1. What shape does segment 2-82 have by the C-alpha gyration tensor, where a ≥ b ≥ c are the square roots of the eigenvalues, rounded means a/c under 1.5, and otherwise prolate means a/b greater than b/c and oblate the rest?
2. Can you check how the C-alpha radius of gyration of the chain compares to 2.2 N^0.38 Å, as a plain ratio?
3. Comparing Ala196, Ala93, Ala64, which has the greatest mean-square fluctuation in the GNM of the chain with Cα pairs linked when under 10 Å apart?
4. Using θ = phi - 60° and the Karplus form 6.51 cos²θ - 1.76 cosθ + 1.60, what ³J(HN,Hα) does each residue of segment 44-60 get, whole Hz, x for Gly and Pro?
5. Using modelled backbone amide H atoms (1.01 Å from N, in-plane), which distant-in-sequence or interchain residues come within less than 5 Å of Arg86's amide H?
6. How would you rank Trp81, Trp97, Trp150, Trp105, going from fewest to most other Cβ atoms within 10 Å of each one's own Cβ?
7. Quick one: Karplus J couplings for segment 79-84, per residue in order, coefficients 6.51, -1.76, 1.60, θ = phi - 60°, nearest Hz, x for Gly and Pro?
8. Using only the alpha carbons of segment 25-152, determine the length spanned along each of the three principal axes and report them from longest to shortest in whole angstroms.
Amino acid sequence: MRRGLAIIESISLHPCGTPVMQLSCPRGLMLGPGQAVLAHQPGSQEPLRHPLFPVHVDDQGFSAHMPDGVEWAPGSRLDLWGPLARGFQPPLACSRWLLLCHGAWSGALLSLIQLGLGRSCAIALQAKDHPPDLPKEVEVISDLPPAIPWADYLAAEVAIDDLPALHQALPTSEGTVVPQVAEVLVHTTLPCGFGACGACAVPMHRGWRLACLEGPVFDLKMLGW
């Protein structure tokens, strides 16, 4: 876990209607898909840090959706902690990606799409809502089961309370999810970032894991329901 200052270079309105910040930050705080940093504006009275997931990553920093309830502006400095432990790790050998947003679209899968297109991967997405500026190379699908045998990599994002519903949505064979390489970004509260409070605990088949120390992306086969 590292700490550093980022600067909000600009704020624009995303086509889906939410403000997106472009941040410049130290290279040690650069994020991979599915990773997060915890942000706080120095001098503010905000009691907790806000998790930021990258929508797009470049050489200077990344863009992220503006958290609700903050009054950040272009030129504001943000104190960042991160990156959190584990993001998406698609194997280089996988070229057919199936992405699943089970619930509200957060934009966290967009940086994964950026990575996949850079690798010339074929990408299919199922989501209740998706951004209107989704790259044209991404195929939006409505029926999930037929796409499962096609994919050699699956990535999903889901709120922690919706984990049982995600399990029901995915077909299984002898308890093994197809495709074999499957990862889930679990959205949960991240109050401290150090594992001290335990509020980000995610249920596993055996025990619990802390999202801030071992996530927020987990192997799907590890998750409990």
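1. rounded
2. It is 1.00.
3. Among Ala196, Ala93, Ala64, the largest GNM mean-square fluctuation belongs to Ala93.
4. Karplus-based 3J(HN,Hα) across segment 44-60 equals 7, 9, 5, x, 10, 7, 10, x, 10, 10, x, 8, 8, 10, 9, 5, 9 Hz.
5. For Arg86, whose amide H was placed from the backbone, the distant partners under 5 Å are Gly215, Val217.
6. By the 10 Å Cβ count, ascending: Trp150, Trp105, Trp81, Trp97.
7. Result, rounded to whole Hz: 8, 10, 10, x, x, 4.
8. Projected onto the principal axes, the Cα atoms of segment 25-152 cover 52, 28, 24 Å.
No lab work stands behind these numbers, since they all come straight from the coordinates. Fair warning: this is a prediction, and the values are worked out from it, not measured in the lab. Using ideal geometry, Cβ is built from the backbone for each residue, glycine included, and neighbour counts are taken over all protein chains shown.
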